[in-house]
Amino acid sequence: MASPFQLRLAAHRLRLGGVLAWPTEAVWGIGCDPLNPHAVRRLMAIKQRTFSKGLILVGASYEQIRPYILPLPEKQMQPVHESWPGPHTWLLPASPDTPAWITGASSLVAVRVSAHPLTRELCLSFGGALTSTSANRSGHPPARNALQLRLRCPDTDAVLHGPCGDLPRPTPIRNALSGEVIRP
């Protein structure tokens, strides 16, 4: 696990527009400050990914995710709240203030309140949600260890080391409006 100093340094780099890598629930991820367009452009360049796909936001709490979403009736939010914190990503209606570089070509935003200790600590140190996408070039397998991370995403500004979670593949994604499973 990263030390408090390493977490503060990583949060500082994020605030300056850095792109960081860290282990998540299943694979290594890379991310940045979702409100910094320069950082998001760098992230998308590293991944060689189009902006139309959008990005997942990850937080340590629902409060960190809330500014990016529109409220839904409690009946629709119940399965979301029951799955968090945990390895469940949900598509929810995006707040009008959520940047288009996060939502892509959709009116929905992908969000997760993580239970992964390092992801949670990083979001708490940063003070808000972060973008979180697998550490790989678009269309290629995600990195599952630090060596694969460095080979697949050498342009990240910093790496927080630690173990990935126990999931065999990236988190499932479900649409909170329809219940549809987008990614099993």
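Numbers at a glance
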| quantity | calculated |
| --- | --- |
| For L124: the one exception among (1) open to solvent by 20 Å² or more (accessible area, probe 1.4 Å); (2) farther than 18 Å from A60 by Cα | (2) |
| Qualifying residue in region 163-179 (condition: touching a helix residue (DSSP H, G or I) at 6+ places or on another chain (Cβ under 9 Å) and among the β-branched types (V, I, T)) | no |
| All positions within region 62-94 that are assigned to a loop (DSSP other than H, G, I, E, B) and surrounded by fewer than 16 Cβ atoms within 10 Å (Cβ to Cβ) | L70, P71, L72, P73, G86 |
| So R120, is it closer than 15 Å to G31 by Cα and assigned to a loop (DSSP other than H, G, I, E, B) | no |
| Among the residues listed as G139, G128, the single one being within 23 Å of A11 (Cβ to Cβ) and either among the basic types (K, R) or part of a loop (DSSP other than H, G, I, E, B) (or both) | G128 |
| Close pairs (6 angstrom Cβ cut-off, 6 or more residues apart or separate chains): on the phi < 0 side of the Ramachandran plot in region 48-61, open to solvent by 30 Å² or more (accessible area, probe 1.4 Å) and not in a loop (DSSP other than H, G, I, E, B) anywhere | F51/W101; A60/R120; A60/L124 |
| Hits in region 96-113 (condition: in contact with a Leu (Cβ under 9 Å, 6 or more places away or on another chain) and surrounded by 15 or more Cβ atoms within 10 Å (Cβ to Cβ)) | T98, P99, W101, I102, T103, G104, S106, L108, V109, A110, V111, R112 |
| Any hit, region 139-148, residues being under 19 Å from M44 (Cβ atoms) and touching a residue at least 40 places away in the same chain (Cβ under 8 Å) | yes |
| Enumeration of residues in region 162-184 that are under 26 Å from E121 (Cα atoms), of a type outside the set (G, A, S) and surrounded by 14 or more Cβ atoms within 10 Å (Cβ to Cβ) | C164, L167, P170, T171, P172, I173, R174 |
| Positions within region 16-59 being open to solvent by 10 Å² or more (accessible area, probe 1.4 Å) and of a type in the set (K, R), in sequence order | R41, R42, R49, K53 |
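The values are calculated or read from the model by the stated rules, or taken from the named source; none is laboratory data. None of the values given here were measured: they were computed from a predicted structure. With ideal geometry, Cβ positions are generated from the backbone for all residues, glycine too; neighbour counts draw on all protein chains shown. The accessibility values were calculated without ligands, DNA or RNA, using every heavy atom of the protein model including side chains. Shrake-Rupley method; radii C 1.70, N 1.55, O 1.52, S 1.80 Å.
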